[in-house]
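Structure, as C-alpha cells:
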Amino acid sequence: MKTPFKLHNVIKRYGEREVLHIDQLSIPAGKIYTILGPNGSGKSTLLRIMALLLVNDEGELEVLGEKVTWEKRQLLRLRRQMSMVTQTSFMFQGSVYYNVAYGMRVRKTSSRKIRSRVGELLEMVGMAAYRDADARTLSGGERQKVALARALAVNPRVLFLDEPTSNIDVASAAEIEKYIRHINQEQQTTIIMVTHNLFQARRLADEVFFIHEGRIIEKGPGELIFTQPRDERTAAFLRGETVF
C-alpha cells in the first residue's frame, strides 16, 4: 500500500469550535512521521481520526486503500491492521506474557505462534526476564516497552505513537526510540508519532507535519523543517517560543 492515508477537507468540531481542518493530506507508507505543534493545536485529534478512534464531522478519509464509511465491519477490519501506543499505556490484569499475547489470542492465532511471537518481541524490547511478572507492577519505562511489544504482536501495517516516551526516564526513552527505528527499518511499518520532544522528532522523523490551530501549516523532510522552516510560526515553535 503506497499511500495508507488520504484526507480531504477533514473537519472536527467540539460544539461550535473547529479544532481540526485538514485541507489535503497524503501519507505514503513505510516512513516515520512526527506531528508537532503547540498544546491544543489538534495533534492528537488528527492522530485519533486516522486511527479510526474519532469520527470526523466533515470531509473524506481514506485508510489503507478504503474510503472510510464508519460501518462497524469496516472499522474492525481496518483497526486490526493498526496499533497505537499512548503516553500512559493501560495494562490488562495478568502477566506480561498475557498482555503481549492478547491481540493475537483475540485473532484466534495458534498457541504455538503466540509463544514464538511473544518470546521474540519480549527479547527485542529487553523484557524477556519479565515474562511472568504482573504487568501492573512494572515501572513506567517497562510498561511502555510491554505496550510497544503488544502493539507489534499483531504485525500492524501502521503504528501510532502518542507521546510514547513523555512519562518515562531518559534511558528507557532512548531504548524505545531504538525499537521505533528497528520496526520501521526492518518491517517497513509506517509510524505516525505525536511528540513534544523536538530532539526526539529530529532524531526519528523522515517527515514532519507542523500543526497550528487545527491546520497543517508546514510539512516536509525532517531535517529541512528543523534547519530551514518556511513559516515563521514553525520557526518560532522550534526556537521554543510561544506560538499564538
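Laboratory data are not the source of any read-out in this text; all were calculated from the coordinates shown. The model shown is predicted, which means the values in this text are computed figures rather than measured ones. A quick note on method: Cβ atoms are made from the backbone with ideal geometry, for glycine too, and the neighbour counts reach across all protein chains shown.
Mind counting lysine pairs for me in region 1-102? Cα separation below 20 Å, and the two need to be 8 or more apart along the chain or on different chains.
Close lysine pairs under the 20 Å cut-off: 8.
What full-extension length gain, to one decimal in nm, is calculated for TYR14 and ASN39 as 0.36 nm per residue of separation minus the Cα-Cα distance? Working shown, then result.
Values: separation 25, 0.36 × 25 = 9.00 nm, distance 1.61 nm.
Fully extending the segment from TYR14 to ASN39 adds 7.4 nm.
State, as an integer percentage, the relative contact order of region 157-219 based on alpha-carbon contacts under 8 Å between residues 6 or more apart.
The value is 35 percent.
Ranking request for peptides 95-101, 66-72: highest mean number of other beta-carbon atoms within 10 Å first, then the rest in descending order.
Listed from highest to lowest mean packing, they are 95-101, 66-72.
At 222 nm, what helix-only mean residue ellipticity would the chain give, in deg cm²/dmol to the nearest 500, using -39500 (n - 2.57) for each DSSP H run of four or more? Before the final figure, lay out each step's value.
On the way: 9 runs with 92 residues, N = 244.
Estimated from H runs of four or more residues: -11000 deg cm²/dmol.
Can you check what the net charge comes to around MET193, using other residues whose Cβ is under 9 Å from the Cβ of MET193 (Lys, Arg +1; Asp, Glu -1)?
Once positives and negatives cancel, what remains is -2.
Using only alpha carbons, build the gyration tensor for region 81-140 and give me the equivalent ellipsoid semi-axes, biggest first, whole Å.
The equivalent ellipsoid of region 81-140 has semi-axes of 18, 15, 11 Å.
Any idea what the relative contact order of region 27-84 is, in percent, if you count C-alpha pairs under 8 Å spaced at least 6 apart?
22 percent
Place the peptides 226-236, 20-30 in order of packing, highest mean first, counting for every residue the other Cβ atoms within 10 Å and averaging per peptide. Let's see the in-between values first.
Values: 226-236: 14.9, 20-30: 16.5.
Going by the mean number of other Cβ atoms within 10 Å, highest first, we get 20-30, 226-236.
For each of VAL19, VAL118, count neighbouring Cβ atoms within 10 Å of the residue's Cβ, then give the residues from fewest to most.
VAL19, VAL118
Could you tell me how far the Cα centroid of region 15-57 sits from the Cα centroid of region 93-169, in Å?
26 Å
Between LYS72 and ARG239, how high is the FRET efficiency from 1/(1 + (r/R0)^6) when r is the Cβ-Cβ distance and R₀ = 45 Å? Nearest 0.05.
Approximately 0.45, to the nearest 0.05.
Under a Cβ-Cβ cut-off of 14 Å, what is the net charge of the residues other than VAL85 that fall near it, where Lys and Arg count +1 and Asp and Glu count -1?
-1
Mind listing the long-range amide H neighbours of ARG215? Cut-off is under 5 Å, sequence gap 5 or more, other chains count too, H placed in the peptide plane at 1.01 Å from N.
HN-HN under 5 Å from ARG215: HIS21.
Normalise the Cα radius of gyration of region 136-244 by 2.2 N^0.38 Å (N = residues in it) and let me know the number. Intermediate results must be reported in sequence, preceding the final value.
Working: Rg = 15.1 Å, N = 109, 2.2 N^0.38 = 13.1 Å.
With N residues counted in region 136-244, Rg over 2.2 N^0.38 Å equals 1.16.
What order do you get for 169-179, 46-56 when each peptide is scored by the mean count of other beta carbon atoms within 10 Å, highest first?
On the way: 169-179: 15.3, 46-56: 19.2.
My ranking of the peptides, most packed first, is 46-56, 169-179.
Say R0 is 22 Å: what FRET efficiency, to the nearest 0.05, do GLU177 and THR88 get from their beta-carbon distance?
Computed FRET efficiency for GLU177 and THR88: 0.75.
Normalising by the residue count of the chain, find the relative contact order in percent from Cα pairs under 8 Å and 6+ residues apart.
26 percent.
What is the calculated FRET efficiency for LYS108 to GLN185, with r their C-beta to C-beta distance and R₀ = 41 Å, to the nearest 0.05?
For R0 = 41 Å, the calculated efficiency reads 0.85.
What net charge is computed for the residues neighbouring VAL68, neighbours being all others with C-beta under 15 Å from the C-beta of VAL68, Lys and Arg scored +1, Asp and Glu -1?
+3
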